[in-house]
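The values are calculated or read from the model by the stated rules, or taken from the named source; none is laboratory data. Everything quoted here is computed from the prediction, not taken from an experiment. Counting neighbours? That spans all protein chains shown, and the Cβs are built from the backbone with ideal geometry, glycine included.
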Amino acid sequence: MSIKKTVIVQKSSMEHAHDESCQHQGTIDALRGALNQALIGKDEIIEMVLACLLARGHLLFDDLPGLGKTTLAKAVAHAVGGQFARVQCTPDLLPTDITGFNMFDQKTREFEFHRGPVFSDILLADEINRATPRTQSALFEAMAERQVTIDGQSYRLSKTFLVIATQNPVESHGAFPLPEAQLDRFAMKLRIGYPNRDNEIDMLGANIGSADGGEAENPTVISPNQLNELQEHVAKVALAENVRGYLVDLGRATREHRAITLGLSPRGLITWQRIAQARAHLCGRDFVTPDDIQGVAGPVLEVRLSGEFDAAPQIVEEILAAVPVPVHETARRR
């Protein structure tokens with residue numbers, strides 16, 4: 001009798017896990033659909049954005065104006081039912097314009113804290129490299145610890161707080177390059193690029209009859225609390241010891257590459273692991289494979305490796321080619 005009961009319990013547990021997995025995949029498919037409506041014909045970019053979102057990572061777009069960065073950021077905020085805020089970075093922008101400030105109230109004779117745009121779920125920092133280093137540093141604590149400290153008082157940010165920053169790679173006048181310490185706070189760097197001809201024709205067709213530039217209101221797919229639960233589930237995706245060893249060897253290879261001044265830091269390795277976990281979950285798996293690590297290598301590495309990066313994709317390929325891939329897949333074991 002006891003054996004029979006045990007079997008029933010185990011079966012119930014397996015069914016629950018299966019139902020939960022199906023529910024997650026349904027949510028992810030809905031997120032894909034919502035973002036694909038905002039950015040037509042960029043499926044690979046959407047997958048990377050979703051991986052960044054599920055891994056609690058921050059995202060840097062290094063691309064030309066007008067390619068859909070702001071539209072995509074708004075779509076992400078609408079899809080998770082979160083609060084969206086935008087900061088247009090300029091040289092005269094102050095740190096308090098981002099974090100908020102204390103103002104003395106004459107009536108109450110007390111200081112009242114006015115929250116800045118950092119108190120949102122999705123923060124778009126447009127042209128972040130046009131802000132001064134002092135202002136850029138205002139995001140350090142927020143991105144790393146999801147909190148800000150004003151006049152000695154700490155304030156918690158949203159659990160799903162995500163920074164989507166943009167920078168223009170062409171114009172350098174009045175720009176302040178991001179230091180390595182700040183770049184390391186971003187999970188990845190992406191370039192959207194121009195759409196192909198058919199997608200541009202579809203885009204023009206969608207704009208006919210639209211007085212607001214063709215930006216439709218994207219549907220809400222999940223709540224911030226549901227997103228937080230999904231992120232916690234993704235963090236539990238397993239990596240076998242040999243897969244973790246493979247990731248460590250890749251990180252060490254970046255420190256030995258002749259074209260790289262500063263290799264991957266331990267924090268960078270953790271970020272790479274989290275993004276790989278998210279990619280595995282997006283593929284419907286509960287374990288990470290070497291393909292997951294390789295699949296996100298470019299966006300993760302290019303944002304944080306110091307050196308000459310005109311040939312960044314080639315450098316990433318050299319690093320991947322230099323490290324042997326684990327032969328036996330035992331990723332289901334922790």
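Points to keep in mind about this one:
- The residues listed here are VAL296, VAL248; of these, the one that is crowded, with 22+ Cβ neighbours inside 10 Å, more than 23 Å from GLU145 (Cβ to Cβ) and not assigned by TED's automatic domain parsing to the domain that holds PHE161 is VAL296.
- Every listed requirement among (1) modelled with pLDDT under 85; (2) at positive phi is met by MET14 save one, (2).
- Among the numbered conditions (1) out of contact with any Pro (no Cβ under 8 Å at 6 or more places or on another chain); (2) surrounded by 14 or more Cβ atoms within 10 Å (Cβ to Cβ); (3) within 23 Å of PRO299 (Cβ to Cβ), the only one that VAL118 does not meet is (3).
- Residues in the stretch 88-127 that are touching a helix residue (DSSP H, G or I) at 6+ places or on another chain (Cβ under 6 Å) and either farther than 23 Å from LEU31 by Cβ or among the polar types (S, T, N, Q) (or both): 8 in all.
- Residue satisfying all of: in the stretch 252-272; surrounded by 19 or more Cβ atoms within 10 Å (Cβ to Cβ) and within 15 Å of VAL316 (Cα to Cα); nearest to the chain's Cα centre (by Cα) among these: TRP272
Matching residues to (1) β-branched (Val, Ile, Thr); (2) farther than 26 Å from ASP63 by Cβ; (3) outside the structural domain of ASP63 (by TED's automatic domain parsing):
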position	(1), (2), (3)
ALA85	no, no, no
THR90	yes, no, no
THR99	yes, yes, no
ASP121	no, no, no
ASP126	no, no, no
GLN136	no, no, no
PHE140	no, no, no
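Residues checked against (1) farther than 12 Å from LEU178 by Cα; (2) modelled with pLDDT of 90 or more; (3) not in a helix (DSSP H, G or I):
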position	(1), (2), (3)
ILE98	yes, yes, no
PHE104	yes, no, yes
LYS107	yes, no, yes
PRO117	yes, yes, yes
SER120	yes, yes, yes
LEU124	yes, yes, yes
THR135	no, no, no
GLU141	yes, no, no
ALA144	yes, no, no
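- When every residue of the stretch 37-58 is checked against the conditions, at least one turns out to be at pLDDT below 90 and assigned to a helix (DSSP H, G or I).
- Within the stretch 299-318, the set of residues being in contact with a Leu (Cβ under 6 Å, 6 or more places away or on another chain), closer than 11 Å to THR254 by Cα and either aliphatic (A, V, I, L, M) or modelled with pLDDT of 90 or more (or both) comprises VAL316 only.
- If the condition is being of a type in the set (Lys, Arg) and under 25 Å from GLY100 (Cβ atoms), then the stretch 149-204 contributes ARG156, LYS159, ARG185.
- Residues of the stretch 86-93 include at least one that is crowded, with 17+ Cβ neighbours inside 10 Å, at negative phi and touching an Asp or Glu at 6+ places or on another chain (Cβ under 8 Å).
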